[in-house]
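Only one structure is covered here, and it is reproduced in the block below.
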Amino acid sequence: MEAFGYFFYLCLALSLVLTVVGLALSKKLHFRFGIILTCTFAGLLALWPPQEKLKLGIDLSGGTILVYEVVKENLPANFNMDELISALKHRADPQGIKEIPIRKIGGNRLEIILPADEDVDEVKRMLTDVGALEFRILATYKHTSDADVKRALGPTGRSKPPLRYLWARLGEVSTGSHPTTTATTITDPAQDWKKNRYAGINVELTGKDASGAERVVVVPIVRNSTDTLVLARPHGLSKVTSYRVEYNPSEIGRGVDPKNPRPNDPIIREDKVAPGRVERSILANIDREDVTGKYLQRVYATQDERLQPAVGFVFNRQGARKFGKLTREHLPEEGDAFKYQLAILLDNLVMSAPSINSEIR
């Protein structure tokens, strides 16, 4: 915006010059110069302050334009560029709050425009990193030996789980007391959150209302920085004494108490990684079939039984055989009283874990 400041002062200096020149001219030209000066100052006034009145293009705002070429020779015959654009938009802006433009250029190129405040390297990683996809059966207390449970939950169990098991990331829980607040922000300098990790998630706030009564309110989060949550609406509390926010994409394990588990519960451990922040992990089996994303033939957007956005996938012949065997070996037990859960992991994070009702081919 410094350029606009220089422009303003340049126009002001020019106006002074015109004034001096006008005074040196004949009186019949004074009126015309007066009109010119009035219009000049009126225009400057309408544009001031420029950072609020003028919308800068990407070349002046300091943003970044990324251009990618799609190599169609490596893609299936039914490839659709519009579907790719939709998928990339979801990757770069999962919550739909950044409004990052992605458009097609010609027949095989994409242009992505990033504002100045975006982390370019992070967006590049999100766009180009395919991610490791795995399908794993969640371990339960019922089907895991006491020795393996003890080792998994022991001091070194996170880094060295039992043989044929792995820890998958379930999410994290952040808590804090007496944060700094405004009507729509919660700030805790002790935190170091990943940017927009909690966007779209609810935060639970405990505090007092205007009458002094103790209240608990739940408010959606629009976005977050490293130490501040921005709320979708005012929380309505006169004082916030504590907060709690949980990141758990799969919603698995919310009703499970790791300290008092039941036989059918999944095995979950909690590890404190920073003041006020606990990471939750869930134990999964490493089965013989080892079904991963390398067996996928096609992935597409669809809807689940509740008409919510979902991801559908089609395996190749080898993957279909492996997936069929995996689900066939984990059918419901005890007259459907117990059902195995098939966790879908993306970069070792549990995205969902549906129950297996029958063999899936």
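The values are calculated or read from the model by the stated rules, or taken from the named source; none is laboratory data. Just so it is clear, the structure is predicted and the values come from calculations on it, not from any experiment. So basically every Cβ, Gly included, is an ideal-geometry build from the backbone, and we count neighbours across all protein chains shown.
Quick notes on this one:
Each row is one residue, and each column tells you yes or no for (1) polar (S, T, N, Q); (2) surrounded by 14 or more Cβ atoms within 10 Å (Cβ to Cβ); (3) touching a residue at least 60 places away in the same chain (Cβ under 8 Å); (4) within 17 Å of residue 246 (Cβ to Cβ).
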position: 180; (1), (2), (3), (4): yes, no, no, no
position: 188; (1), (2), (3), (4): no, yes, yes, yes
position: 195; (1), (2), (3), (4): no, no, yes, no
position: 205; (1), (2), (3), (4): no, yes, no, yes
position: 212; (1), (2), (3), (4): no, no, no, no
position: 216; (1), (2), (3), (4): no, no, no, yes
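- Residues (touching a Ser or Thr at 6+ places or on another chain (Cβ under 9 Å) and not in a strand (DSSP E or B)) located in the range 329-356: 331, 332, 339, 340, 353, 356
- In this entry, residue 220 is excluded by the filter for residues that are assigned by TED's automatic domain parsing to the domain that holds residue 275, in contact with a strand residue (DSSP E or B) (Cβ under 8 Å, 6 or more places away or on another chain), part of a loop (DSSP other than H, G, I, E, B) and within 18 Å of residue 194 (Cα to Cα).
- Test: residue in the range 290-298 that is of a type in the set (Val, Ile, Thr), assigned to a loop (DSSP other than H, G, I, E, B) and either touching a Cys at 6+ places or on another chain (Cβ under 8 Å) or at pLDDT 90 or above (or both): yes
- Yes/no for residue 233 being among the basic types (Lys, Arg), modelled with pLDDT of 95 or more and either assigned by TED's automatic domain parsing to the domain that holds residue 202 or assigned to a strand (DSSP E or B) (or both): yes
- Hits in the range 93-114 - residues which are under 17 Å from residue 63 (Cα atoms) and at pLDDT 75 or above: 100, 101, 102, 103, 110, 111, 112, 113, 114
- Any hit, the range 245-260, residues being more than 20 Å from residue 169 (Cα to Cα) and surrounded by fewer than 13 Cβ atoms within 10 Å (Cβ to Cβ): yes
- Residue 177 being at pLDDT below 95, under 16 Å from residue 237 (Cα atoms) and not aliphatic (A, V, I, L, M): no
- Taking (1) in contact with a helix residue (DSSP H, G or I) (Cβ under 7 Å, 6 or more places away or on another chain); (2) in a helix (DSSP H, G or I); (3) touching a residue at least 60 places away in the same chain (Cβ under 8 Å) in turn, residue 149 satisfies each apart from (1).
- Restricting attention to the range 197-212 and to residues that are modelled with pLDDT under 95 and of a type in the set (A, V, I, L, M, F, W, C), the residue that is farthest from residue 93 (Cα to Cα) turns out to be 210.
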